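Here's the structure, in structure tokens; my notes come after.
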Amino acid sequence: MDYSYLNKYRRKSIVSGITSQEQLIKQEKENFEYYLNNAPNKYEVEMYKDNNTSLNKKILCTIQDYHFNDSQNIDCKILCCKHDETNSVGDLILWNKQLYMIVFEEKNTISSHKTLIIKPCNNVIIFEYKNKVYQYPCILSNATLYSDGLEEKQFILSNDQRSILIPYNDLTKKIQLQQRLMFNNNSIFSVSLIDDFTFKQVNEKNGLLKLTLIREQEKHNLDDFKNNLADNSHLKKEEPIKLQIDNKTIQLEINKTYQLNPKLFQGNKEILSQEELNKITYKVDGIIAKIENGIITSLSKGDTNIQVCYDKQIINIPIQITDTSVHSGTCNIIGNDFMKIGKLSKWTVELYNSKGNKVDGVVEWSVLSENTNELVKIRNKTSNSIVLLAYNKQENIGKKFIIKCKTLDGLSFDEQEIILKKLI
């Protein structure tokens, strides 16, 4: 008799097509589906994004009571659903006209179904981010401590401290220390501790955010008690994300390609998150050229513009497509887009071929404005740089002019608008 586990596995795989473990899981899934369809505590619950927005998705599940001596679990429920459902910790569901939050997921040893712990939301957190107000259901409670010992004891901290659980997402993770939050249109608390790891798996986008709050004794004049929104003008404002791209003009022959390389910066820090970079989009006239994943393909002779877009920011890049091979590439002006009155400023140029490689070359410079002689004076001009002096005139502050350069063959050019600013 052959007692080899390997041969036993092979025989089962040949006969039934699945292993004994797979058979067990399949049987358990069928048992759960039968139970789910016939259980007296069967419900269809609706998934929610926030306090008012339904995801228009419903889940068939069972819900049962969760009874323990521990007082913190009295209002919890156990929710069981199919294993392939996508709901997880931090998600919101509507059941029995009440929003519940998934606070725990049990990792079942047999993947026949999901077992989740849900808890009712008893309040709403309201905060402002980038001049827009957001509302999320939350679980607000007195801050507590538990002792570890033979006899478990619960200590409720002073009435001036609260603990709050909210869904973790791209907006709630922006909440800062010392941020002020208002509840019930009268009580104001500030965030003293942010726990963004206990209820969240590493590299997971969802989960729970736990905040520890301390009651604020003073109220601000800008607190909006009517709309339950606390003033946070004292917080450091997050620097906006700015779109930048080196390519300012592009010249191509017909049936050539060119790779754009837009970048995102927050202050002086470049953002490398692929999720954020994927938000960059492109628009172009599909008759003359097309663009996909930042790669431009020239289709026919003519001039058009490519729009590189991020959020509400748009950068227009002129593109010139020719049927000649005299020159194919770009020239880009390097330098600030402003000048301070009474100061010297310098701009240089970089030349690239159609493959994006830097090459040597000569350009001609010009300064364009209705009253150039009253704004700036050319102090030095070479084949690849220009130095300007802005006249020290207060009335020139805010006025603009254009620096332009072009290659000697006239097929590659670039221009940059400059605004005059005050000296200090």
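The values are calculated or read from the model by the stated rules, or taken from the named source; none is laboratory data. It should be emphasised that the depicted structure is a prediction, and the values quoted were computed from it without experimental measurement. All Cβ positions, glycine included, derive from the backbone under ideal geometry; neighbour counts span all protein chains shown. We work out accessible area using only protein heavy atoms, side chains counted, and drop any ligands, DNA or RNA first. Shrake-Rupley method; radii C 1.70, N 1.55, O 1.52, S 1.80 Å.
Things to note:
- Considering region 107-127, and only residues there that are open to solvent by 80 Å² or more (accessible area, probe 1.4 Å) and at pLDDT below 90, the residue that is farthest from VAL89 (Cα to Cα) turns out to be THR109.
- Tally of residues being modelled with pLDDT of 90 or more and either buried (at least 19 other Cβ atoms within 10 Å of the Cβ) or part of a strand (DSSP E or B) (or both) across region 57-103: 27
- Which numbered condition LEU277 misses (of (1) open to solvent by less than 30 Å² (accessible area, probe 1.4 Å); (2) among the hydrophobic types (A, V, I, L, M, F, W, C); (3) closer than 19 Å to GLU239 by Cα): (1)
- Any hit, region 375-396, residues being at positive phi and free of Cβ contacts under 8 Å to residues at least 60 places away in the same chain: no
- Residue among LEU252, LEU229 that alone is of a type outside the set (Ser, Thr, Tyr), over 30 Å from ASP91 (Cβ atoms) and surrounded by 15 or more Cβ atoms within 10 Å (Cβ to Cβ): LEU252
- Region 296-309 residues that are under 11 Å from THR322 (Cβ atoms) and acidic (Asp, Glu), paired with ones that are exposed (fewer than 15 other Cβ atoms within 10 Å of the Cβ) and modelled with pLDDT of 85 or more (beta carbon under 6 Å, 6 or more apart): none
- A search for C-beta distances below 7 Å between a residue of region 230-245 that is touching a residue at least 24 places away in the same chain (Cβ under 8 Å) and farther than 30 Å from GLN416 by Cβ and any residue that is assigned to a loop (DSSP other than H, G, I, E, B) and open to solvent by 30 Å² or more (accessible area, probe 1.4 Å), counting only pairs 6+ apart in sequence or on different chains, returns ASP231/HIS220; ASP231/LEU222; LEU235/GLN176; LEU235/GLN178.
- The set of residues in region 370-382 being surrounded by 12 or more Cβ atoms within 10 Å (Cβ to Cβ) and in a strand (DSSP E or B) consists of VAL376, LYS377, ILE378, ARG379, LYS381.
- Taken residue by residue, region 348-369 has at least one member that is more than 12 Å from THR330 (Cα to Cα), outside any strand (DSSP E or B), of a type in the set (S, T, N, Q) and open to solvent by less than 60 Å² (accessible area, probe 1.4 Å).
- Residues located in region 194-209, provided they are open to solvent by 70 Å² or more (accessible area, probe 1.4 Å) and in contact with a strand residue (DSSP E or B) (Cβ under 9 Å, 6 or more places away or on another chain): ASP196, THR198
Here is a yes/no grid of residues against (1) in contact with a His (Cβ under 8 Å, 6 or more places away or on another chain); (2) open to solvent by 30 Å² or more (accessible area, probe 1.4 Å); (3) farther than 17 Å from ASP246 by Cα:
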site	(1), (2), (3)
PRO262	no, no, no
PHE265	no, yes, no
THR281	no, yes, no
VAL284	no, yes, yes
ILE288	no, no, yes
GLY294	no, no, no
VAL308	no, no, no
ILE314	no, yes, no
ILE317	no, no, no
